[in-house]
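The values are calculated or read from the model by the stated rules, or taken from the named source; none is laboratory data. What you see is a predicted model; the values in this text were computed from it and never measured. Neighbour counts run over all protein chains shown; Cβ positions are idealised from the backbone, glycine included.
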Amino acid sequence: MTVVVTGGAGRIGSAIVQTLCQQGHKVLLQYHTSVHQAESLQVQWPHLVSLFACDLLDSIQRQEFTQMISGRADIVGVVNNAGLFVRNPLDTWSHEIDQRHWTLNTMVPMEIISAVQFSLRSHEGAVVNVVDNVSHHTPWPNHAGYAASKAGLVALTRSLAVELAPHIRVNAIGPGIVLAPEEDDTSVSHLRSKIPMKRWGIPEDVADMVVFFLFSAKYCTGQVLAIDGGWSLSP
Ligand SMILES: NC(=O)c1ccc[n+]([C@@H]2O[C@H](COP(=O)([O-])OP(=O)(O)OC[C@H]3O[C@@H](n4cnc5c(N)ncnc54)[C@H](OP(=O)(O)O)[C@@H]3O)[C@@H](O)[C@H]2O)c1
């Protein structure tokens with residue numbers, strides 16, 4: 001049985017792949033530019049990781065990917081993790097940037113779920129969509145299109161949970177700010193004091209909950225779980 005992970009060679013994506021492999025699951029890892037990271041994961045887990053290179057914003061490459069996964073009968077889980085986060089202030093607003101947000105963050109997950117629904121259904125499988133807790137509770141200026149695209153993914157999660165029940169569970173996880181350990185000194189460091197747990201998230205915080213939703217949360221669908229150290233609770 002195989003789990004599809006999009007953006008599986010990125011910061012959070014590679015932690016999801018590592019956690020799945022550590023638990024013995026096979027992974028179909030989609031990547032775009034992170035060639036070295038993707039190949040390293042395959043070298044580390046030669047019997048568990050298979051790779052598929054693809055620009056999900058390119059309609060032809062995307063179709064090749066969805067056709068390939070739709071022909072597989074062993075897909076038991078999907079993690080829609082690939083995402084785009086580009087600053088797009090209203091005074092210089094670019095339709096093209098927000099079109100890319102909408103395509104990658106919202107429509108691509110829909111296409112992927114549609115492509116693998118029969119395999120997921122036959123295995124009583126699960127989908128986990130990676131959304132963004134910050135954009136829901138603490139809207140950021142200059143990122144309205146990104147926030148809307150992730151809010152769309154939340155709506156998609158809830159709607160498909162109803163549509164695909166009882167055979168496929170569809171949930172979402174909403175990270176707060178998640179950084180790789182070497183990235184601590186950033187322009188957002190002043191925000192850390194607002195987080196009750198007083199630290200950034202690390203990719204493994206997210207990965208653990210993705211695996212929980214995929215394989216353990218058997219009576220849970222249509223939910224969005226914040227993984228933000230309590231940030232969304234702070235005044
Ligand atoms: N990090 C955070 O603080 C945070 C907070 C809230 C939500 N999130 C969400 O968490 C997810 C992972 O984020 P991350 O922090 O791990 O970011 P990241 O390291 O930049 O990963 C983003 C992933 O998306 C993939 N991707 C981007 N454009 C693509 C395209 N055109 N075609 C195919 N794949 C594409 C990238 O693949 P390649 O690297 O192979 O190009 C990359 O693996 C995203 O959905 C993001 O919105 C992150």
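Per-structure values
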quantity	calculated
Yes/no for SER149 being at pLDDT below 95 and either within 29 Å of HIS95 (Cβ to Cβ) or surrounded by fewer than 19 Cβ atoms within 10 Å (Cβ to Cβ) (or both)	no
Positions within segment 86-105 being within 25 Å of HIS32 (Cα to Cα), away from the ligand (no atom under 11 Å from the Cβ) and either in contact with a strand residue (DSSP E or B) (Cβ under 8 Å, 6 or more places away or on another chain) or not aromatic (Phe, Trp, Tyr) (or both), in sequence order	ARG87, ASN88, SER94, HIS95, GLU96, ILE97, ASP98, GLN99
Every residue from segment 4-38 that is assigned to a helix (DSSP H, G or I), away from the ligand (no atom under 11 Å from the Cβ) and touching a residue at least 12 places away in the same chain (Cβ under 8 Å)	GLN18, THR19, LEU20, CYS21
Test: GLY7 is in contact with a helix residue (DSSP H, G or I) (Cβ under 7 Å, 6 or more places away or on another chain) and at positive phi	yes
Residue check, LEU57 under 14 Å from the mean Cα position of the chain (by Cα), within 10 Å of the ligand (Cβ to nearest atom) and not in a helix (DSSP H, G or I)	no
Any hit, segment 71-85, residues being away from the ligand (no atom under 14 Å from the Cβ), among the basic types (Lys, Arg), touching a residue at least 24 places away in the same chain (Cβ under 8 Å) and surrounded by 13 or more Cβ atoms within 10 Å (Cβ to Cβ)	yes
Subset tally (residues that are more than 30 Å from GLU163 (Cβ to Cβ) and touching an Asp or Glu at 6+ places or on another chain (Cβ under 7 Å)) for segment 202-235	0
